[in-house]
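The values are calculated or read from the model by the stated rules, or taken from the named source; none is laboratory data. For clarity, every value in this text was computed on a predicted model and none was experimentally measured. All Cβ positions, glycine included, derive from the backbone under ideal geometry; neighbour counts span all protein chains shown.
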Amino acid sequence: MDAVKRYFRSPAAVAGLILLVIVIAMAISAGWFYPRDPLALAGRPLVWPFSNPRFLLGTDNSGRDIAAQIFYGARISLLIGGVATAIAILIGILVGAFAGYYGGWVDNVLMRITEAFQTLPNFVLLLVLVAVFGSTLTTVTIAVGVVSWPAPARLTRAEFLSLRNREFVQAGRTLGMKNIQLIFREILPNALPPVIVYASVVMAVAILLESALAFLRLSDPNVASWGNLIGLGRDVLRVQWYVSAIPGIAILVTVLAVSLVGQGLNDALNPRLKGR
Amino acid sequence: MRILSLAGRRLAASIPTLVLILIGVFLLLQFAPGDTVDAMMAQMGGGDAATAKELRKFYGLDLSIPAQLGNYLWRLVRLDLGFSSIYGKPVASVIIERLPPTILLMTASLSFAFFFGLLFGVIAARGVNRWPDTLISTLGLIFYATPSFWFGLMAIVVFSVYLQWLPPGGFEDIGTVRTGIWRMLDIASHLVLPTLTLGLIFLAIYLRIMRASMLEVLNLDYVRTARAKGLDETRVVTRHVLRNALLPMVTLIGLQAGTMLGGSVVVESVFSLPGLGRLAYESVVQRDLNTLLGIVFVSALLVISVNFVVDLIYARLDPRITAEG
């Protein structure tokens with residue numbers, strides 16, 4: 001439990017955790033505060049924030065409540081960020097584990113594929129995937145996950161390379177354990193901590209990728225997402241800039257919270273590297 | 001010469017990667033709803049099935065997928081990227097027209113991020129855990145979390161709408177004809193906001209890496225020796241620490257080249273710059289798959305060439321690399 005204590009000793013990590021809890025609370029309570037559809041018309045269009053108590057954060061170009069969209073947007077961002085990260089980490093662990101454990105031609109083939117994914121700009125690949133498979137919530141989430149796995153794969157591979165010839169693995173081998181057992185039961189639990197910490201970086205990037213896609217109107221238009229709202233606000237940017245400004249701050253706070261928590265975890269788990 | 005042959009070998013090793021990408025994306029695009037002929041028919045305002053069949057035959061789209069792939073790769077060898085039915089021009093010339101703004105934007109953003117990342121990283125590391133460090137590190141975290149397109153929009157609101165210092169978008173002023181130095185200045189003023197927007201997140205990454213790598217190197221024995229022989233702190237940093245601390249920064253340029261190109265898709269759309277990124281976006285919206293595939297090829301090529309240059313710089317900074325190779 002030293003790690004927990006170390007985590008709570010860092011003010012930045014605690015601040016990140018508080019922000020993250022607030023965003024999660026917004027996502028959970030969205031239906032409670034705003035029982036109506038956030039994309040339904042609520043009042044006059046382009047009401048400035050704080051000018052009407054019914055719409056605390058004002059309304060957008062077509063008269064939809066911005067505050068409601070922010071609350072429901074938290075759901076979408078966390079959902080896409082979380083699921084896409086899980087997909088990326090899962091693929092990354094599988095590829096990295098097999099490449100690092102077997103070495104030789106398996107490693108060669110898998111690393112060539114990883115390299116191909118890294119050479120192609122991930123946002124361009126994302127555009128290709130959306131062009132081919134369309135932009136529903138499901139396809140966008142999977143697409144974001146599919147473009148984000150190379151870095152976790154390389155990290156897992158590096159861990160496996162350093163662990164695969166340790167004594168506990170050799171002992172397992174002498175006991176007659178199969179390769180699959182060695183990979184998933186013996187080596188993986190030891191290789192996992194840095195990969196899990198890295199997941200925070202993947203999640204931060206995933207949220208940013210999705211919001212950029214939504215801003216370009218290439219993500220699902222039928223859900224209340226922060227990126228969609230920024231894209232809408234662009235049409236009235238010159239005067240009613242708050243329509244774009246407010247959801248942007250929401251994205252900033254969420255990504256900041258995720259990165260702070262990730263960094264806090266990293267420092268708590270590797271105290272020797274603190275401050276680097 | 002040794003450096004060149006080493007980097008050349010790395011370059012040769014990236015050819016299979018390039019082929020892999022092309023095959024992968026080509027096969028992926030086969031799943032796309034509608035093909036070039038459908039897009040053309042839509043442009044012409046519809047047509048009968050016989051015309052569509054004839055056109056498909058003309059473009060070789062009636063062949064089996066492996067045969068089409070073979071044809072495509074063979075045309076690529078001759079640097080023929082196919083024909084864009086939307087722009088009515090060969091894809092290669094469409095892309096070449098759009099390349100200069102993107103290259104300019106990427107070079108400017110990279111220089112901005114690298115220079116200020118280096119500067120702030122050094123300042124932060126020199127005053128580690130004191131207020132300059134805390135301030136710079138906090139700003140770095142915030143920049144890292146800022147969505148670039150949002151920063152761009154807010155910059156337009158502040159600098160173009162309220163202060164009216166800088167143009168809100170476009171590559172140059174098309175209202176007046178300018179030549180020589182005035183044209184350059186005009187383009188430069190149009191590129192200030194896009195450069196800041198694209199460079200911001202990389203600035204955050206570079207300053208973080210620079211700070212970490214400075215802290216690492218500052219603890220090494222040879223730095224203590226340099227201090228012990230009486231060099232002042234500025235000399236120690238500029239002459240001894242910097243060169244070694246720069247290595248991770250240079251590696252990062254290569255790793256981030258793709259991310260930067262991806263980021264320019266968004267930034268070019270915000271500032272309506274007629275660049276490669278905007279072309280990628282337009283070709284997705286207009287279902288111009290030939291152009292999209294061409295962009296994939298060119299962007300992979302760009303990333304590979306950036307990495308080639310990075311290899312050269314790396315070998316120059318650290319002679320040990322060539323000595324062992």
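Yes or no, residue by residue, for (1) within 29 Å of A:V258 (Cβ to Cβ); (2) within 26 Å of the chain's Cα centre (by Cα); (3) surrounded by 21 or more Cβ atoms within 10 Å (Cβ to Cβ); (4) of a type outside the set (K, R):
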| site | (1), (2), (3), (4) |
| --- | --- |
| A:S29 | yes, yes, no, yes |
| A:W48 | no, no, no, yes |
| A:R54 | no, no, no, no |
| A:Q69 | yes, yes, yes, yes |
### Task
Could you look through the range B:10-25, keep only residues that are under 13 Å from B:S305 (Cα atoms) and surrounded by fewer than 18 Cβ atoms within 10 Å (Cβ to Cβ), and pick out the one that is nearest to the other protein chains (Cβ to nearest Cβ)?
B:A13
### Query
Right, B:G60: outside any helix (DSSP H, G or I) and surrounded by fewer than 17 Cβ atoms within 10 Å (Cβ to Cβ) or not?
yes
#### Entry: Failed criterion for B:T138 (all others in (1) surrounded by 14 or more Cβ atoms within 10 Å (Cβ to Cβ); (2) not in a loop (DSSP other than H, G, I, E, B) hold)
(1)
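Table: residues versus (1) aromatic (F, W, Y); (2) modelled with pLDDT of 90 or more; (3) surrounded by fewer than 18 Cβ atoms within 10 Å (Cβ to Cβ); (4) within 25 Å of the chain's Cα centre (by Cα).
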{"position": "A:I66", "(1), (2), (3), (4)": "no, no, no, yes"}
{"position": "A:A74", "(1), (2), (3), (4)": "no, yes, no, yes"}
{"position": "A:L78", "(1), (2), (3), (4)": "no, yes, no, yes"}
{"position": "A:F98", "(1), (2), (3), (4)": "yes, yes, no, yes"}
### Query
Given the residues A:I66, A:I70, A:I87, which is the only one that is of a type in the set (V, I, T), in contact with a Ser or Thr (Cβ under 9 Å, 6 or more places away or on another chain) and under 17 Å from A:G227 (Cα atoms)?
A:I66
### Query
Listed residues A:R44, A:R6; which is in contact with a strand residue (DSSP E or B) (Cβ under 8 Å, 6 or more places away or on another chain) and either modelled with pLDDT under 80 or outside any loop (DSSP other than H, G, I, E, B) (or both)?
A:R44
### Message
If B:P248 meets every condition in (1) at pLDDT 85 or above; (2) within 24 Å of the chain's Cα centre (by Cα) apart from one, which number is that one?
### Response
(1)
### Task
Test A:L229 against the stated conditions and say whether it is out of contact with any Leu (no Cβ under 6 Å at 6 or more places or on another chain) and either at the interface with chain B (Cβ under 9 Å from one of its Cβ atoms) or assigned to a loop (DSSP other than H, G, I, E, B) (or both).
no
### Task
Answer yes if at least one residue in the range B:272-287 is under 22 Å from A:A151 (Cα atoms) and either among the aromatic types (F, W, Y) or buried (at least 17 other Cβ atoms within 10 Å of the Cβ) (or both), and no otherwise.
no
### Query
B:P66 fails exactly one of the following numbered conditions: (1) part of a helix (DSSP H, G or I); (2) surrounded by 15 or more Cβ atoms within 10 Å (Cβ to Cβ); (3) at pLDDT below 90. What is the number of that condition?
(2)
### Query
Within the range B:234-277, how many residues turn out to be without any contact (Cβ under 8 Å) to a residue 24 or more places away in the chain and either outside any helix (DSSP H, G or I) or away from every other protein chain (no Cβ under 13 Å) (or both)?
6
### Task
List the number of the failed condition for B:T225; all other conditions in (1) part of a helix (DSSP H, G or I); (2) in contact (Cβ under 8 Å) with a residue 12 or more places away in the chain hold.
(2)
#### Entry: Long-range neighbours under 7 Å by Cβ, at least six apart or interchain, first residue more than 9 Å from every other protein chain (Cβ to nearest Cβ) within the range B:132-158, second of a type outside the set (A, V, I, L, M) and part of a helix (DSSP H, G or I)
B:I136/B:F120; B:G140/B:R208; B:G152/B:T197; B:A155/B:T197
### Task
Being loosely packed, with under 12 Cβ neighbours inside 10 Å and within 18 Å of B:V128 (Cα to Cα) is the filter here, so list the residues in the range B:213-223 that pass it.
B:N219
### Summary
Among residues of the range B:278-325 being over 17 Å from the mean Cα position of the chain (by Cα) and among the basic types (K, R), the residue farthest from the other protein chains (Cβ to nearest Cβ) is B:R316
### Task
Could you list all residues from the range B:107-123 that are crowded, with 24+ Cβ neighbours inside 10 Å and in contact with a Ser or Thr (Cβ under 6 Å, 6 or more places away or on another chain)?
B:S109
### Task
Report, by residue number, each residue of the range B:92-134 that is part of a loop (DSSP other than H, G, I, E, B) and either under 23 Å from B:L198 (Cβ atoms) or aliphatic (A, V, I, L, M) (or both).
B:V128
#### Entry: Scan of the range B:191-227 for residues that are within 30 Å of B:G277 (Cα to Cα) and of a type in the set (K, R), ordered by number
B:R208
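For every residue, the table says whether it meets (1) assigned to a loop (DSSP other than H, G, I, E, B); (2) modelled with pLDDT of 90 or more; (3) within 11 Å of chain B (Cβ to nearest Cβ); (4) buried (at least 23 other Cβ atoms within 10 Å of the Cβ).
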site	(1), (2), (3), (4)
A:A153	no, yes, no, yes
A:T156	no, yes, no, yes
A:P193	no, no, no, no
A:I196	no, no, no, no
A:V202	no, yes, no, yes
A:I207	no, yes, yes, yes
A:D220	yes, no, no, no
### Query
Hey, B:I201 hits all of (1) within 11 Å of another protein chain (Cβ to nearest Cβ); (2) in contact with a helix residue (DSSP H, G or I) (Cβ under 9 Å, 6 or more places away or on another chain); (3) surrounded by fewer than 17 Cβ atoms within 10 Å (Cβ to Cβ) but one; which does it fall short on?
(3)
### Query
Within the range A:209-218, which residues are more than 8 Å from every other protein chain (Cβ to nearest Cβ) and crowded, with 24+ Cβ neighbours inside 10 Å?
A:L209, A:E210, A:L213, A:A214
### Query
So which pairs qualify, if the first residue must be in the range B:194-206 and under 16 Å from B:V157 (Cα atoms), the second must be of a type in the set (A, V, I, L, M, F, W, C) and outside any helix (DSSP H, G or I), the Cβ gap must be under 7 Å, and the two must be at least 6 apart or on different chains?
B:P194/B:F271; B:P194/B:L273
### Query
How many residues does the range B:213-233 contain that are under 31 Å from the mean Cα position of the chain (by Cα) and either on the phi > 0 side of the Ramachandran plot or more than 14 Å from every other protein chain (Cβ to nearest Cβ) (or both)?
0
